[in-house]
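Here's the structure, in structure tokens; my notes come after.
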Number of protein chains: 2
Amino acid sequence: MNFIERLESAVNKNNSLLCIGLDSDVAKIPKHLVDQPHPLFSFNRAIIDATHDLVCCYKPNIAYYEAQGTKGMRSLRYTIDYLHEKYPDIPIIIDAKRGDIGESDRQYAKAVFEYIGADAVTVNPYLGLDSLEPFLTYKDKGVIILCRTSNSGAVDFQDIRVKNMKLYEYVAKSAAKWNKQYGNCLLVVGATWPEQMKRIREIAKNMWFLVPGVGAQGGDIKNILATGLRNDKSGIIINSSRSIIYAGSGKTFPHDARTEAEKIRDTINSYR
Amino acid sequence: MNFIERLESAVNKNNSLLCIGLDSDVAKIPKHLVDQPHPLFSFNRAIIDATHDLVCCYKPNIAYYEAQGTKGMRSLRYTIDYLHEKYPDIPIIIDAKRGDIGESDRQYAKAVFEYIGADAVTVNPYLGLDSLEPFLTYKDKGVIILCRTSNSGAVDFQDIRVKNMKLYEYVAKSAAKWNKQYGNCLLVVGATWPEQMKRIREIAKNMWFLVPGVGAQGGDIKNILATGLRNDKSGIIINSSRSIIYAGSGKTFPHDARTEAEKIRDTINSYR
């Protein structure tokens, strides 16, 4: 099965469009884990065991692991191995926002897909199609292209006018074309921009969107579903990180994360 | 000293605008190094010892090290520690093309500047100014913004027309403005686009450019200098990777690299 088939299978099995962002920060995880040999892995494993039947995927942001050096990267690898072994039905997105050219780009694709073992990765389109090809040619993997990001600075370049559309619309249009050729493209569309999400859905009717920015960043679930869902009531992955993984700070943190994840999953489903 | 002062000091000391790209690939380094405990570090150390008086900086592309996992990242760290200890006058750019938002972005800045120990990093502007700020606020570090990349796909988005200019020109204009505020911005301008380099120099008269794409990618040194130099005959860093580091494949590879580096440095100087 390729990434999108695996994703759709997990969506159906768990009746969920929720993705949990494993943006695990040593400064924020419960204190009693910090002395463990691999604190980020211990934290992730507990969150995963408590929530695996509520999600359609997990999304570690690699920046948090890189900031901890080789020790952090080891925790990321352990997390991914654990997921693949214990919950092989749940695909894993590495949020890495990569993008380079030529041989350097092939090395990035090798790093995220072969060494780290991700099922999908986020990539930055600024360098053009040839910078995405080394990722796209891994046919079984998902390539999630930044289109409209959730930050306020997204307007700086993504909103500039290109002929009769805006840059993010042009990226969406290009990605829809690439997806016809490769079949494994998705788009990042921030939860904080419902009007833009509507436009992107008009352009890319059948594509999957990865939607960050609910919870801590303020994106509204009702709005996202009203503007982002495909006609089949699917096609969006709603990511939540901090509001779930840091729902509790004591010994009951896995239970607290589950309660919050269940609440968000059910809220999403109530608007589908 | 901040990054730009350190860079200018190395340019003057070594009479060189040459940067050597340490894009060190285990599949390409001399066979007799592969059994060393840290082959990429052994390779880099030999290249550095043979060329340190010919360059203004070194630029490892992090993708090559990430593709080798924790072992590769350890080689990168060792390389940087070695450079900082033995040749403290030569600054180090990590080519990482990073860019994310909010806390994730701060983690990337922490990873490259604090954990890896880079003096400067390349970043992708697509996410907007707020995505660059966590890097820019490290006042002593250099932030090298992708403007016009050397690949053929650069035209896909960087050339689209924005009002009365192209996107890469708009990025250059924005970066020049940010540089006025932060003082530590540089631009990536591919060696393969002399016409565009001329435009960017008109827009960003006083900024430093990092110029990849000579040698293996075909960029012409004479053209780069004719279009990219500032009025003070400086302001560009010309990166060469493969043609120098793989100049030889046997035991004399450091000597071969030195010969090639010297040739390129002197060619550059002959056109200044």
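The values are calculated or read from the model by the stated rules, or taken from the named source; none is laboratory data. Being a predicted model, the structure only gives us computed values, none of them experimental. Backbone-built Cβ (ideal geometry, glycine too); neighbour counts: all protein chains shown. Surface accessibility is based on the protein's heavy atoms, side chains included, excluding ligands, DNA and RNA. Shrake-Rupley method; radii C 1.70, N 1.55, O 1.52, S 1.80 Å.
Enter the accessible area per residue of chain B (Å², integer; probe 1.4 Å; all protein chains in place). Don't jump to the answer; show the numbers that get you there.
Values: 9810 Å² over 272 residues.
Accessible area per residue, chain B: 36 Å².
Apply the Kirkwood formula to segment B:30-101: the hydrodynamic radius equals the inverse of the mean of 1/r over all pairs of different alpha-carbon atoms; give it in Å with one decimal.
Numbers: mean 1/r = 0.0775 Å⁻¹.
Evaluated over segment B:30-101, this radius sits at 12.9 Å.
Order the following by accessible area, largest value first: B:D81, A:D140, A:D159. Probe radius 1.4 Å; ligands, DNA and RNA are ignored.
Details: B:D81 60, A:D140 100, A:D159 35 Å².
Of B:D81, A:D140, A:D159, the descending order of accessible area is A:D140, B:D81, A:D159.
Once the other residues with Cβ under 14 Å from the Cβ of B:I160 are scored (Lys, Arg +1; Asp, Glu -1), what is the net sum?
On the way: positive: A:R161, A:K163, A:K166, A:K173, B:R148, B:R161, B:K163, B:K166; negative: A:D159, A:E169, B:D156, B:D159, B:E169.
Value of the local net charge: +3.
Restricting things to Cα coordinates, could you compute the convex hull volume per residue of the protein assembly as shown in Å³? Don't skip to the answer; put the middle values down first.
Working: hull volume 73.1 nm³, N = 544.
Hull volume over Cα atoms, normalised by residue count, gives 134 Å³.
Just the number, please: buried accessible area between B and A, total of both chains, 1.4 angstrom probe, nearest 100 square angstrom. Provide the component values of the computation, followed by the final result.
On the way: alone 12150 and 12120 Å², together 19590 Å².
That pair hides around 4700 Å² of surface in total.
So what are the three principal axis dimensions of segment A:152-232 from its Cα atoms, in whole Å, longest to shortest?
Largest first, segment A:152-232 extends 35, 32, 18 Å along its Cα principal axes.
Semi-axes of the equivalent ellipsoid of segment B:21-151: what are they in whole Å, largest first, if each equals the square root of 5 times a C-alpha gyration tensor eigenvalue?
Values: eigenvalues 140, 50, 37 Å².
Calculated on Cα positions only, the semi-axes equal 26, 16, 14 Å.
Out of all DSSP beta bridges with both ends in chain B, state the antiparallel percent to the nearest 5. Before the final figure, lay out the partial values.
Values: 2 of 28 bridges.
Looking only at bridges with both residues in chain B, the antiparallel portion is about 5 percent.
Which peptide among A:236-242, B:36-42 comes first, and what is the full order, when sorted by highest mean count of other Cβ atoms within 10 Å?
The most tightly packed comes first, giving A:236-242, B:36-42.
How high is the FRET efficiency between B:S9 and A:N15 when r is their beta carbon distance and R₀ equals 51 Å, given to the nearest 0.05? Before the final figure, lay out the partial values.
Values: r = 62 Å, r/R0 = 1.22.
Working from the Cβ atoms, E equals 0.25.
Subtract the Cα-Cα distance of A:Y78 and A:K180 from 0.36 nm times their separation in residues, and report this length gain in nm to one decimal. Mind dumping the intermediate values first?
Values: separation 102, 0.36 × 102 = 36.72 nm, distance 3.45 nm.
That pair, A:Y78 and A:K180, stretches by 33.3 nm at full extension.
Per residue of B:106-113, count partner chain C-beta atoms within 10 Å of its C-beta, then hand back the mean as an integer.
Working: counts 4, 11, 8, 2, 5, 10, 3, 0.
Counting Cβ atoms of other protein chains within 10 Å of each residue's Cβ and averaging gives 5.
Starting from a label point 7 Å past Cα on the Cβ side, list the distances from A:E202 to the same position in the other copies, nm, shortest first.
3.6
Please say if segment B:23-64 is rounded, prolate or oblate, where rounded means a/c under 1.5 for a ≥ b ≥ c the square roots of the C-alpha gyration tensor eigenvalues, and otherwise the choice is prolate for a/b larger than b/c and oblate otherwise? Mind showing how you got there, number by number?
Values: a/c = 2.52, a/b = 1.50, b/c = 1.69.
Oblate, since a/c reaches 1.5 and b/c is not below a/b.
Express in Å², to the nearest 10, the accessible area of A:R258 obtained by rolling a 1.4 Å probe over the protein heavy atoms while all chains stay in place.
70 Å²
Determine by what factor the alpha-carbon radius of gyration of segment A:88-138 differs from 2.2 N^0.38 Å, reporting the quotient.
Numbers: Rg = 10.6 Å, N = 51, 2.2 N^0.38 = 9.8 Å.
That ratio works out to 1.08.
How much of the accessible area of chain B, in percent, comes from carbon and sulfur atoms when a 1.4 Å probe is used? Write out the running numbers ahead of the final one.
Values: 4640 of 9810 Å².
C and S fraction of accessible area: 47 percent.
Residues with beta-carbon under 9 Å from that of A:N14, excluding A:N14: net charge, scoring Lys, Arg +1 and Asp, Glu -1?
0
For A:K71, what is the net charge nearby, where nearby means another residue's Cβ is under 13 Å from its Cβ and Lys, Arg count +1, Asp, Glu -1?
Values: positive: A:R74, A:R77, B:R74, B:R77; negative: A:E66.
Net of charged neighbours comes to +3.
Measure out, as a whole number of angstrom, how far apart the alpha-carbon centroids of segment B:5-66 and segment B:255-272 sit.
So the separation of the two Cα centres works out to 15 Å.
Expressed as a whole number of Å, what is the distance separating the alpha-carbon centroids of segment B:91-129 and segment A:135-190?
Distance between centres, Cα-based: 22 Å.
Under the Kirkwood approximation applied to all pairs of distinct alpha-carbon atoms, what is the hydrodynamic radius of chain B in Å?
Working: mean 1/r = 0.0537 Å⁻¹.
It is 18.6 Å.
How many partner chain Cβ atoms sit within 10 Å of a residue's Cβ in peptide A:228-239, on average, as a whole number?
Values: counts 0, 0, 0, 0, 0, 0, 0, 0, 0, 0, 0, 0.
Taking the mean over all residues of the peptide, I get 0.
Please identify, among B:Q196, B:Q107, B:Q181, the residue showing maximal mean-square fluctuation in a Gaussian network model of chain B using a 10 angstrom Cα cutoff.
In the Gaussian network model the winner is B:Q181.
Over the whole of A:66-77, what's the average partner chain Cβ count within 10 Å per residue? Rounded to a whole number, please.
Details: counts 12, 11, 4, 8, 8, 2, 4, 5, 2, 0, 0, 2.
Across A:66-77, the average partner-chain Cβ count within 10 Å equals 5.
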